[in-house]
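A short worksheet on the structure shown next.
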Amino acid sequence: MINFDYLKNLNSAQKEAVINTEGPILVVAGAGSGKTKVLTSRVAHIIKNKKAFPNQILSVTFTNKAAKEMQNRISKILNSKATGLTWLGTFHSICAKLLRKHAKAAGLNSNFTILDSDDQNRLMKNICKAENIDIKKLSPRVILSIIDRWKNNGWYPENVIINKKDIYESTILPVYKIYQKKLIDLNACDFGDLILHCVNILENNLEICEMYSNNFKYILVDEYQDTNFIQSKWLNILAKKNKNICCVGDDDQSIYSWRGAEIKNFLDFDKVYKNTKIIRLEENYRSTQNILSVASDLISNNQNRVGKTLKTNSSDGDLIKLNCYRNGKEEAIGLSDEVEKNIKKKYSLNNVAILVRAIFQTREFEERFLKIGLPYRIIGGTKFYERAEIKDCIAYLRLVYQDRDDLAFERIVNNPKRAIGESTMRQIHEYSKKNSINLFIASKELIENNKIKPKAKIGLNSFLNFIEKWKNDLIIKKFGHVKLLQNILDESGYSAMLKNKKDLENENRLENIKELLSAMKEFDNLESFLEHVSLATSIDQDWDGQKINLMTMHASKGLEFDVIFLPGWEEGLFPHQKSIEEKGEKGLEEERRLAYVGITRAKKDVFISFSMNRFYQGDWIDSMASRFIEELPSKFLDKNMFYDENESQESDFDFNQDFEVENETRSPGWIRYQKRLK
C-alpha cells in the first residue's frame with residue numbers, strides 16, 4: 001500500500017515542486033533544502049497518480065550513489081520495490097543502455113566494450129608511437145583530455161573548431177580522427193562517446209528519436225548546474241515532445257567548469273523552455289541562521305545567478321569565527337588547539353572537517369596532527385607522504401643516503417623511464433640473490449661484466465652514476481639536503497617528466513613537491529628529515545574510532561559536518577590566481593561559489609582563517625586576506641582573534657586596521673607577492 005504521508009512531510013515550496021507535474025520546471029534548491037526529497041517524492045507522486053508508468057519516467061543523476069539513494073527512497077514511499085524504473089541512473093549508464101539497443105546506428109555492435117581511463121591511455125600511447133608523437137612533449141592524457149572536451153562540445157573529428165590560441169589542438173585533431181576510427185574498429189566506446197553517439201543517433205534517426213521522446217512522459221534531472229553542453233542537448237532532444245522536464249539544482253554550487261560543466265544551462269533554462277515555472281527551495285534543514293546569512297551575503301556578490309535567500313527554523317547559532325595567523329604553521333597550531341581545547345568536548349571528530357582550496361595545504365595540518373596525536377583521514381585524496389610523487393622523492397633521497405635500500409632502488413631505477421624493463425630487473429634480482437649483495441652493487445657488477453643489454457645498460461649506468469654523484473655531494477656537504485633534492489629532480493629528469501605532461505594532475509604533483517621542499521627546510525639535515533618521514537608513515541593511521549576529516553572544498557560538495565574549518569583564505573590561493581587568470585570574472589564567480597559550498601557544509605560552527613605570511617616555493621611571502629573576507633557581513637563575524645605563539649592564547653586584533661598597516665610595512669615581500677600574482 002502506498003504511503004500517503006510523503007506529501008505531509010514536505011514544506012510548501014517542496015510540495016509545489018512535487019505536485020506541479022506538467023510543463024518545464026526549474027527547482028532552485030539551496031544547500032540543505034531537501035532536493036533529493038523533492039525528486040523522489042515527485043517520482044512517487046507521478047506513479048501514485050497514474051500519470052505515467054515507471055518505465056516512462058527518465059530520472060538522471062550524476063553518481064551511482066545518488067541513483068541508488070533515489071531508488072531506495074522511492075521504494076520506501078511506495079512501500080514496495082521501485083520496480084520498473086528502468087530509466088533511473090547516471091547520464092552514462094542510461095546512455096549506455098540506449099546505445100546498446102541502437103548500436104548499429106553508431107557503427108557498433110551491441111556487445112561493444114566501454115574503455116576505462118587506463119585502456120584509453122594505452123590505446124593513445126600506441127597511436128602516438130605509430131604517429132611518431134613524442135609523449136614527453138605531449139602526453140596521452142593531455143591529448144585525451146582535449147578530445148574529451150571536444151566530445152563534451154558535441155564534436156566528432158569532422159566538426160572540431162580549432163582554438164588557434166592552443167598550440168596543441170592542430171596536432172591533436174589528426175590523432176582524434178585515428179583514435180575515433182580505432183574505437184570503431186575495436187567495437188569500443190569511451191565515456192564521452194556514450195552521450196555523443198546517443199545524441200547523434202537521436203538527431204539522425206527520426207523514428208528512434210520519436211520513440212524515446214514519446215515514451216519519456218516525465219524527465220527529472222538532479223544537479224542540473226553540473227551538466228555540460230552535450231548532456232543538456234541530449235535532455236532537450238528527449239524533452240522536445242512532452243516538455244515535462246523538471247531540473248533540480250543550485251546555480252550557487254556550480255563549481256565544476258574544469259570538468260566541462262556549464263552554468264549557462266541552468267541560467268538559460270527558462271529561455272530554452274518557455275513558460276518555465278521556477279520554484280525556489282529556500283528553507284535550509286542543515287545550518288544555523290548565522291551560517292546561512294554569511295553564505296547568502298557572500299554569494300550575492302555574483303552577478304550570474306538566479307537568486308534565492310536561504311532561511312532556517314533553527315537558532316541563530318554562534319557567530320562565524322574569523323582568525324588571522326602569522327604564518328601557515330601557526331594556522332595549523334591554532335586550528336588544532338581549537339579542536340583539542342573546545343571542539344572535541346562538544347562534537348565527534350567524525351563531524352569535524354578542514355576544507356582547503358589546494359590539496360598541498362593539508363601537509364602542515366597533517367604534520368601538526370601527527371605531532372600531537374590527533375587522528376585524521378584524507379577524503380578524496382591521499383595522505384601527503386603517501387602520494388606517489390612524494391614517495392618517489394623520498395626514495396631518491398633514501399637511496400642516496402644509503403645504497404643498500406633495495407626498496408627505494410626498485411621504486412626509482414626506472415622512474416622516469418630509462419629502458420630498464422622487467423627482464424633486466426629480474427636479472428638484477430637473481431644476481432643479487434645469488435651473490436648476497438644489494439641491488440645497487442649487483443647492477444654495477446653486471447654492467448662491469450657486460451651482462452646487461454645495450455639499451456638498458458645505458459639507462460642503468462646513467463642512473464648509478466647519478467646516485468654516486470649525489471652521494472658524493474652529500475658527503476662533502478657541497479650544499480644542503482633541500483638543494484640536493486632539487487638537483488636530483490632536475491638531473492634525473494623527474495621534474496621535466498612532470499612539467500612536460502601538462503594536465504591538472506601533474507600540476508598538483510609539482511605543487512606537492514614544492515610543499516615537500518618547504519617541509520624539508522624545517523630539518524637540519526637529511527638524516528633527521530628521513531627519520532621524521534619514516535616515523536610519520538609508520539604510525540598506524542587506521543585507528544578505530546573518531547578522526548578529523550581533511551579534504552578539498554571540491555571534494556566536500558554533498559557532504560555535511562557539525563564544524564567546518566576553512567583555512568588559507570588569501571589572495572592568490574583563494575580565490576586561486578590561476579582560475580582568475582584563465583577565466584576572468586567567470587573564474588572569480590566560480591571561486592566565490594566554491595566559498596559558498598565550503599561555508600554551507602557546516603551545521604553548527606564555521607572557522608575561517610588566513611595567514612599574514614606563507615612559505616611558498618622556497619620563499620616567505622606576505623599574504624593579503626582574500627577579497628571574499630571583505631565580502632563577509634561584519635555583524636555575523638567574531639573577528640577579534642589573533643593567535644600569538646608566545647602567549648598561546650587569543651588576543652585582540654583589529655582586522656580592518658592592523659592588517660592593512662602590517663602589509664604596508666612589509667614592502668619587499670609585498671612586491672614579491674604582487675609579482676607572483678602578475
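The values are calculated or read from the model by the stated rules, or taken from the named source; none is laboratory data. Since this is a predicted model, take the numbers as computed values, not measurements. In this analysis, Cβ positions are derived from the backbone assuming ideal geometry, glycine residues included, and neighbour counts consider all displayed protein chains. Only protein heavy atoms, including side chains, enter the accessible area calculation; ligands, DNA and RNA are left aside. Shrake-Rupley method; radii C 1.70, N 1.55, O 1.52, S 1.80 Å.
Here are a few things to note about the model shown:
- Overall form of region 203-358 per C-alpha gyration tensor (a/c, 1.5; a/b vs b/c): prolate
- Bridging of LYS469 to aspartates and glutamates at a Cα separation below 20 Å is possible for ASP392, ASP403, ASP405, ASP406, GLU410, GLU445, GLU448, ASP490, GLU491, GLU527, once same-chain residues fewer than 8 apart are set aside.
- Counting 0.36 nm for each residue step from GLU158 to LYS311 and taking away their Cα separation leaves a gain of 50.1 nm.
- Approximating the spin labels as points 7 Å out from Cα along Cα→Cβ, the ASN472-to-ARG122 distance works out to 4.3 nm.
- For region 623-637, backbone phi angles converted through the Karplus equation (6.51, -1.76, 1.60; θ = phi - 60°) give residue-by-residue couplings of 9, 10, 4, 4, 4, 5, 5, 5, 8, 7, x, 4, 5, 9, 10 Hz, Gly and Pro being listed as x.
- Amide H partners (placed H, <5 Å) of ARG614, local residues excluded: ILE621, SER623
- Mean separation of Cα contacts under 8 Å, 6 or more apart, over the residue count of the chain: relative contact order %: 17
- Relative to the current alpha-carbon distance between GLU507 and ILE372, full extension at 0.36 nm per residue lengthens the span by 45.5 nm.
- Region 442-593: relative contact order as a whole-number percent, Cα under 8 Å and 6+ apart: 10
- Rounded to whole Hz, the Karplus (6.51, -1.76, 1.60) HN-Hα couplings of region 452-469, x for glycine and proline: 9, 4, x, 5, 5, 4, 4, x, 5, 5, 4, 4, 4, 5, 5, 4, 5, 4
- DSSP beta bridges in the chain [antiparallel fraction, %, rounded to 5]: 15
- Packing, taken as the mean count of other beta carbons within 10 Å per residue, orders the peptides 118-124, 36-42 from highest to lowest as 36-42, 118-124.
- Taken as Cα centroids, region 394-418 and region 128-143 sit 27 Å apart, rounded to the nearest whole angstrom.
- Residues listed by number, region 106-144, amide nitrogen under 11 Å from ASN187 label point at 7 Å toward C-beta: 108-113
- Taking a sphere under 14 Å around the Cβ of GLY480 and counting the other residues whose Cβ falls inside, with K and R at +1 and D and E at -1, yields a net charge of 0.
- Apportionment of accessible area to carbon and sulfur, region 225-373, percent (1.4 Å): 44
- The 3J(HN,Hα) values that the Karplus relation (6.51, -1.76, 1.60; θ = phi - 60°) gives for region 270-283 are, in residue order, 6, 7, 6, 10, 5, 6, 5, 9, 9, 10, 9, 9, 10, 8 Hz. Gly and Pro appear as x.
- Taking a ≥ b ≥ c as the square roots of the eigenvalues of the Cα gyration tensor, region 466-531 is classed as oblate, since a/c reaches at least 1.5 and a/b does not exceed b/c.
- When each of LYS371/LYS514; LYS51/LYS274; LYS383/LYS434; LYS137/LYS477 is checked by Cα-Cα distance, pairs over 26 Å: LYS383/LYS434; LYS137/LYS477
- Amide H to amide H distances under 5 Å link ASN228 with GLU262, where only residues 5 or more positions off or on other chains count and H is placed in the peptide plane.
- Packing rank of 598-611, 97-110, 509-522, where each peptide gets the mean count of other beta carbons within 10 Å, highest leading: 598-611, 509-522, 97-110
- Largest-first principal axis extents, alpha carbons of the chain, Å: 82, 69, 50
- Sequence-separation-based contact order of region 303-462, relative, with Cα cut under 8 Å and 6+ spacing, percent: 13
- Here the spin labels are modelled as points 7 Å beyond Cα on the Cα-Cβ line, and at ASN435 and ASN9 they lie 7.3 nm apart.
- The mean accessible area for residues of region 119-258, using a 1.4 Å probe and ignoring ligands and nucleic acids, is 45 Å² per residue.
- C-alpha center-to-center spacing [region 430-493, region 273-288] in angstrom: 63
- When each of LYS37/LYS308; LYS264/LYS557; LYS164/LYS277 is checked by Cα-Cα distance, pairs over 31 Å: LYS164/LYS277
- Residues of type lysines that LYS639 reaches as a straight line, Cα spacing below 26 Å, ignoring anything fewer than 8 places off in the same chain: LYS311, LYS321, LYS329, LYS341, LYS344, LYS345, LYS346, LYS603, LYS604
- Solvent-accessible area of ILE564 with every protein chain in place, 1.4 Å probe, in Å² to the nearest 10: 0
- Low-density loop positions, trypsin sites (Lys or Arg not before Pro), region 230-320 - DSSP coil, at most 16 other Cβ in 10 Å: LYS240, LYS241, LYS243, LYS274
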